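The values are calculated or read from the model by the stated rules, or taken from the named source; none is laboratory data. None of these values were measured; they are calculated from a predicted model. Glycine also receives a Cβ, built like all others from the backbone with ideal geometry; neighbour counts cover every protein chain displayed.
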Amino acid sequence: MAKSIQAIRGMHDVLPQQTPLWQFLESRVAAVLAAYGYHEIRMPILEMTELFKRSIGEVTDIVEKEMYTFDDRNGDSLTLRPEGTAGCVRAAMEHGLLHNQTQRLWYQGPMFRHERPQKGRYRQFHQIGVETFGMAGPDIDAEVILVTARLWKALGIPGLQLQLNTLGTPEERAAYRQELVAYLQSNLDSLDDDSRRRLDTNPLRILDSKNPHMREMLDGAPVLGSHLGEESRSHFAFVRQTLDRVGVDYVVNPRLVRGLDYYSRTVFEWVTDRLGAQGTVCAGGRYDGLVAQLGGKAVPAVGFAMGLERLVTLLEEANPGAADAAVDVYLVLQGDAAVSEGQILAESLRDALPGLRLMSNCGGGGMKAQFKRADRSGAAYALVLGETELTEGTVVVKPLRTADAQFSVPRDELAGVLGSRLAG
């Protein structure tokens, strides 16, 4: 017998018993974003490889080591998207969404990186991202952070810590980079191999190293704040004051630099200690230079992305009952006549009660087997239709989640009874 084919390493199926939690998460996030006036955009998962080389940077780990890249039949180099910002910027530029206008956009879907799979980090993972364009002031920086804070309330996920920093302008960062590189070169013996490789390409990323043996040396490194001009300081102060007035707690982390080259000024991360090493669940910031980097006119932009796998894990832990049962009502059918009539009854109930989640028994089975299926469905009520009920024009309503007694209801009153009970 041939060996069965299994999923690719690091790419996982979301099974039927897991999808209600995903749907709950996705619907809550969509509702919050709609409340702030954000509009969904949907981009392809395949893009030209050049897009990511120009946006993320050719010497980053993502481009050098982690992207799924191949040549198609025309010889074009294509890549499965490793993140969503670059594709969103490309789409906005291509379709004229950035010319003399502001945009608040969001998207969701799978991303792909060839990393070592571990808890909270997969080769196919899912993100919801937000990107805003055309707004240069610190008010939009504050708004996107407030959006994320409201998301945690809507999802019932407590205990996330907001870390905040400013990277200043590219010019301010260039001056700081010179001082930082000089300091790191004077401590070359303390750097691990990964940090030495980054010294010439992306030295700010060394500050974010998780190597505990480098911690003391890095604590003595110069800080970016001393190189910030008045405008950058004022920008960051406005963001902080807004969060203070609204009551969103945060910690200023001067070592927070983010992993992508296109960030400037405000950057932030929401972190947790409940996911092991993969503690970041949402991150983002301002990236005013990216549109110009991709060939457009300079447009101010701010955004963030959140990892759904990590949020699902936190949601399951914090609020295990967050996702409702798959159905409200299970229809138990006894006898051939009832099977035929049951489909008619089910459709009439769906017409009368929009949004009703009703599952009809299909595939036969005795009463005991059908009630087992009804219980497994998670339904609050079983409706029983058999020969007696067909003769009398009634339906038996049996509560499945309480000790209440079952009762009979005339068919023409069933929708009203069900509606009031499910609403209560």
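Checked against (1) without any contact (Cβ under 8 Å) to a residue 40 or more places away in the chain; (2) on the phi > 0 side of the Ramachandran plot, G57 passes all but condition (1).
Can you tell me which residue among R240, R177, R255, R265 is on the phi > 0 side of the Ramachandran plot, modelled with pLDDT of 80 or more and among the charged types (D, E, K, R)? Outline the logic, then answer.
Working: R240 fails: on the phi > 0 side of the Ramachandran plot; R177 fails: on the phi > 0 side of the Ramachandran plot; R255 fails: on the phi > 0 side of the Ramachandran plot.
Every option except R265 fails the conditions.
Within the group G57, G87, which residue is within 30 Å of D200 (Cα to Cα) and in contact with a Lys or Arg (Cβ under 6 Å, 6 or more places away or on another chain)? Going through G57, G87 in turn, just one is within 30 Å of D200 (Cα to Cα) and in contact with a Lys or Arg (Cβ under 6 Å, 6 or more places away or on another chain): G87.
With the requirement that a residue be part of a loop (DSSP other than H, G, I, E, B) and closer than 20 Å to E172 by Cα, what does the range 201-219 give you? The answer is T201, N202. Of the listed requirements (1) closer than 30 Å to W152 by Cβ; (2) out of contact with any Phe, Trp or Tyr (no Cβ under 8 Å at 6 or more places or on another chain); (3) of a type in the set (A, V, I, L, M, F, W, C); (4) touching a residue at least 12 places away in the same chain (Cβ under 8 Å), L46 misses just one: (1).
Hey, can you tell me all the residues within the range 366-397 that are of a type in the set (G, A, S), over 19 Å from A326 (Cβ atoms) and in contact (Cβ under 8 Å) with a residue 40 or more places away in the chain?
Matches in the range 366-397: G386 only.
For the range 263-286, name all the residues that are assigned to a loop (DSSP other than H, G, I, E, B) and either in contact with a helix residue (DSSP H, G or I) (Cβ under 7 Å, 6 or more places away or on another chain) or among the charged types (D, E, K, R) (or both).
The initial filter retains those residues of the range 263-286 that are assigned to a loop (DSSP other than H, G, I, E, B), namely 263, 272-279.
Residues satisfying the conditions are T272, D273, R274, L275, Q278.
Look at the range 150-162: where a residue is modelled with pLDDT of 90 or more and a partner is basic (K, R) and in a helix (DSSP H, G or I), sitting 6+ places away or on another chain with Cβ atoms under 8 Å, you get L151/R28; A154/R28; L155/R28. When the range 401-424 is filtered for residues that are buried (at least 17 other Cβ atoms within 10 Å of the Cβ) and either in contact with a strand residue (DSSP E or B) (Cβ under 6 Å, 6 or more places away or on another chain) or not aliphatic (A, V, I, L, M) (or both), the ones remaining, listed by number, are V409, R411, L414.
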